[in-house]
Amino acid sequence: RYRVGFFLGCAQSLLFADQSAATLRVLARNGCTVITPKEIECCGMPARGYGRMDLVEKQARHNIAVFEQHNVDYVVTDCATCGSTLKEYGTLLKGDPEWAERAAGFGRKVRDISEFLSQIPLRKPTKRIEAKVTYHDPCHLRRAQQIWKEPRQLLSLIDGLEFVELPEADWCCGSAGSQLITHYDTSLKVLDRKIDNVANTEARILASGCPGCQMQLNTGLQRRGLPVRVVHPVTLLDEAYGGADG
């Protein structure tokens, strides 16, 4: 039903490849032909953070051209940071006569995975997951893309899950790109407050759609010795579909 280009982010491919594999399985189970071009480059967010706009524009032009070759209906990513950057290609290149229209068209095709799955008919997953789950909003998803209902809607499709809202769910986890390195003490204070809130939910699964957030949250939970599993929401959906064996 859909021809989808999948943008595999740098952190996702290196650190959470199993989660992106789950994303591809969920897309395939719901009527999508998935194209995952190996030629794509970084979305540009790291270079942008350090002011290298020349490099960001170069990466944007390259990625746009790659996906144009595959004639996809949508460009989907399971990384909140990548998604927020890809959607801004049109604004980034609006002053370039050769690329402005192409970039704008590309940006209109970009969807976060939760956003895309919420706009198409989904198969009902048949397996139960008996657990209490909560959800942390990545800043690049809730603030930059205004997406927050959709991940929660996906979790609600899974029988057995008991969802409990995380207090201050839309507050930063403290990672904030490179802030966890450049402002380490402040980062830990923000993280400690987040982990306090997670502990108060008594959830045993913490879902979040950003690899930077997941790394930070895992660090905080391990420091406290809390038995909480950190996952992408789509990973749980994939497991409810049966995972790799489904």
**Study point:** Pair list, Cβ under 7 Å, 6 or more apart: the stretch 44-59 residue part of a loop (DSSP other than H, G, I, E, B) and at pLDDT 90 or above, other residue open to solvent by 60 Å² or more (accessible area, probe 1.4 Å) and among the basic types (Lys, Arg)
**Key:** none
Point to revise | Failed item in (1) over 15 Å from the mean Cα position of the chain (by Cα); (2) at pLDDT 95 or above, with HIS232 passing the rest | key: (1)
Study note, to complete from the structure: Filtering the stretch 202-232 down to residues that are in a helix (DSSP H, G or I) and not hydrophobic (A, V, I, L, M, F, W, C) yields PRO211, GLY212, GLN214, GLN216, ASN218, THR219, GLY220, GLN222, ARG223, ARG224
Check your understanding: For the stretch 4-23, does any single residue satisfy the condition of being among the β-branched types (Val, Ile, Thr) and open to solvent by 10 Å² or more (accessible area, probe 1.4 Å)?
Key -> no
Review point. Which one is nearest to LEU157 (Cα to Cα), of the residues in the stretch 21-42 that are under 17 Å from the mean Cα position of the chain (by Cα) and of a type in the set (S, T, N, Q)?
Key: THR23
Exercise for review: Determine, yes or no, whether VAL72 is surrounded by 13 or more Cβ atoms within 10 Å (Cβ to Cβ) and over 17 Å from GLU88 (Cα atoms).
Suggested key: yes
Check your understanding: Do you know which of the residues in the stretch 121-142 that are touching a strand residue (DSSP E or B) at 6+ places or on another chain (Cβ under 7 Å) and part of a loop (DSSP other than H, G, I, E, B) is farthest from ASP245 (Cα to Cα)?
Key -> HIS136
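Filter the stretch 193-246 down to residues that are charged (D, E, K, R), buried (at least 22 other Cβ atoms within 10 Å of the Cβ) and without any contact (Cβ under 8 Å) to a residue 60 or more places away in the chain, then give me how many there are. So that I can check it myself, show each step before the final result.
Residues of the stretch 193-246 that are charged (D, E, K, R), as a first pass: 193-194, 196, 202, 204, 223-224, 229, 238-239, 245.
Now restrict to residues that are buried (at least 22 other Cβ atoms within 10 Å of the Cβ): 194, 238.
Now narrow it down to the ones that are without any contact (Cβ under 8 Å) to a residue 60 or more places away in the chain: 194.
Number satisfying all stated conditions: 1.
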Exercise for review: Please verify whether the stretch 179-194 includes one or more residues that are more than 23 Å from the chain's Cα centre (by Cα), assigned to a helix (DSSP H, G or I) and among the basic types (Lys, Arg).
Suggested key: yes
Review point. What pairs can you find where one residue is in the stretch 71-93 and without any contact (Cβ under 8 Å) to a residue 40 or more places away in the chain, the other is surrounded by fewer than 21 Cβ atoms within 10 Å (Cβ to Cβ) and in a loop (DSSP other than H, G, I, E, B), and their Cβ atoms are less than 7 Å apart, with a gap of 6+ or different chains?
Key: LEU93/TRP99
**Study point:** Residue match in the stretch 143-160 (condition: in contact with a Gly (Cβ under 9 Å, 6 or more places away or on another chain), assigned to a helix (DSSP H, G or I) and at pLDDT 95 or above)
**Key:** yes
**Study point:** Residue under evaluation SER13, criteria (1) closer than 19 Å to CYS139 by Cα; (2) free of Cβ contacts under 8 Å to residues at least 60 places away in the same chain, criterion not met
**Key:** (1)
Check your understanding: Out of LYS127, LYS94, which single residue is open to solvent by 50 Å² or more (accessible area, probe 1.4 Å), at pLDDT 95 or above and within 25 Å of VAL56 (Cα to Cα)?
Key -> LYS94
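The values are calculated or read from the model by the stated rules, or taken from the named source; none is laboratory data. Everything numeric here is computed off the predicted structure, so don't read it as measured data. No Cβ is skipped: glycine too gets one built from the backbone with ideal geometry, and neighbour counts run over all protein chains shown. Quick note on the areas: whole protein, heavy atoms, side chains included, nothing else; ligands and nucleic acids left out. Shrake-Rupley method; radii C 1.70, N 1.55, O 1.52, S 1.80 Å.
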